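Enquirer: Sharing a structure with you now.
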Amino acid sequence: MSAGTVDFRVMLPGDVAIPQVGLGVFQVPPDEAQDVVERALEIGYRHIDTAAAYVNETGVGAAIRASGIPREELFVTSKLRNGDQGLDTARRAYEDSCRRLGVDALDLYLIHWPNPAAGLWQESWRALERLHREQAVRAVGVSNFLPHHLEELAGFAEQLPAVNQVEVHPTFQQRDVTAWCREHGVVVEAYSPLGQAADLQDETVGRIAAELSVTPAQVILRWHLHKGHVVIPKSVSTTRMASNADLTGFALDPDQIRALDALERGNRTGNDPNTFALSQIR
């Protein structure tokens, strides 16, 4: 089976190449994670996005080992939980994630949420910078950071995040976030890139899919690629995983892109970064 677009790469600072299409494992149960990730790797995925809060890092790591794929051919991301934020605790959390995944180092480590109520993301960023400076991780970034968080970070940080992983899809485009990131050279990585499947039902998406003889998901994921986003669609279906990775052989024309751009409706499907404050520790 062809790996399709999973072969595409986006460059991060430090000459780090991140596959533009990866597999997200949010809400994949721990006892299913190994099987799901093994199948994705067989299809051709080389980018797996997990998080300590997902409680499935161990299964992801087992799949990586079982695959026999050389570690240097894989791109593995995990994230710092709210309850682990802080200068020293962030470092320990990073080491715990590496241990559960069975890797010496991650390719990308993210602060999962700003969690402003705790007031610790700034110390956490300093911890991530130190990890990166010590070459304990290839790249560091943030998730769910809005422009005001990013502006504050830029005011004290030694380096800007390589990536900002945020909810982005046609009906929730977060144009202020993506514009800030584009202006400052931060790669946008879209989670829930299909709007947790809700955007697949949109009439415009369906019309364009019919015009191109592809699936609605392929239309939206191709739109993301046009925007330069890294995408991590989540699926446990082998057929859908393969389809989501097969984004070559067709392209959106300017009118189709404009039609998808016009779908913005403020349809957030996840939590609000300004208020989300759960510890994420179970």
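Enquirer: Please list, by residue number, everything in the range 46-77 whose backbone N is under 16 Å from a paramagnetic label point 7 Å out along Cα→Cβ of THR238.
Expert: Counting only backbone N, you get 67.
Enquirer: Can you work out the Karplus-derived ³J(HN,Hα) for every residue in the range 256-271? Use 6.51 cos²θ - 1.76 cosθ + 1.60 with θ = phi - 60°, whole Hz, and x for glycine or proline.
Expert: Karplus values, whole Hz, x for Gly and Pro: 5, 5, 4, 5, 6, 4, 6, 7, 3, 9, x, 7, 5, 9, x, 7.
Enquirer: Okay, moving on. What is the helix-to-structure angle for 147-156, meaning the angle in degrees between its Cα long axis and the longest Cα principal axis of the chain, kept from 0 to 90 and rounded to the nearest 10?
Expert: Taking Cα atoms only, the helix is inclined about 40 degrees.
Enquirer: Taking the square root of 5 times each eigenvalue of the Cα gyration tensor, what semi-axes in Å does the equivalent ellipsoid of the chain have, largest first?
Expert: For the chain, the semi-axes come out at 28, 23, 16 Å.
Enquirer: Here's something else I'd like to know. Nearest 500 deg cm²/dmol is fine: what mean residue ellipticity at 222 nm does the chain get from its DSSP H runs of n ≥ 4 alone, each adding -39,500 (n - 2.57), divided by its residue count?
Expert: Details: 10 runs with 110 residues, N = 282.
Calculated mean residue ellipticity at 222 nm is -12000 deg cm²/dmol.
Enquirer: Please give the contour-minus-distance gain from ARG65 to ASP272: 0.36 nm per residue of separation, less the Cα-Cα distance, rounded to one decimal in nm.
Expert: On the way: separation 207, 0.36 × 207 = 74.52 nm, distance 3.56 nm.
Contour length minus Cα-Cα distance gives 71.0 nm.
Enquirer: Would you kindly state how much longer the chain becomes between ASP261 and HIS226 on full extension, computed as 0.36 nm times their sequence separation minus their alpha carbon distance, in nm to one decimal?
Expert: Working: separation 35, 0.36 × 35 = 12.60 nm, distance 1.13 nm.
Working it through step by step, the gained length comes to 11.5 nm.
Enquirer: How tilted is helix 57-67 with respect to the longest principal axis of the chain? Cα atoms for both, answer in degrees (0 to 90, nearest 10).
Expert: Computed tilt is about 70 degrees.
Enquirer: Can you give the net charge of the other residues whose Cβ lies under 10 Å from the Cβ of CYS98, counting K and R as +1 and D and E as -1?
Expert: Numbers: positive: ARG99, ARG100; negative: GLU57, GLU95, ASP96, ASP104.
Surrounding charge for CYS98 is -2.
Enquirer: Can you give the local net charge around THR238? Use residues other than it whose beta-carbon is closer than 15 angstrom to its beta-carbon, Lys and Arg +1, Asp and Glu -1.
Expert: On the way: positive: ARG39, LYS234, ARG240; negative: GLU32, ASP35, GLU38, GLU42, ASP246.
Summing Lys/Arg as +1 and Asp/Glu as -1 gives -2.
Enquirer: Further question on the same structure: Put a dot 7 Å past each Cα toward the Cβ at ARG92 and ASP253; how far apart are the dots in nm?
Expert: That separation, rounded to one decimal, is 6.0 nm.
Enquirer: Roughly how tilted is helix 30-43, in degrees to the nearest 10 and between 0 and 90, from the longest Cα axis of the chain?
Expert: It works out to around 60 degrees.
Enquirer: GNM, the chain, Cα, under 10 Å: largest mean-square fluctuation among GLY68, GLY141, GLY83?
Expert: Of GLY68, GLY141, GLY83, the most mobile in the Gaussian network model is GLY68.
Where a number appears in this text, it was derived from the coordinates with a stated rule and is not lab data. In this text the structure is predicted, and so the values were computed from the model without any measurement. Note: ideal-geometry Cβ built from the backbone for every residue, glycine included; neighbour counts use all protein chains shown.
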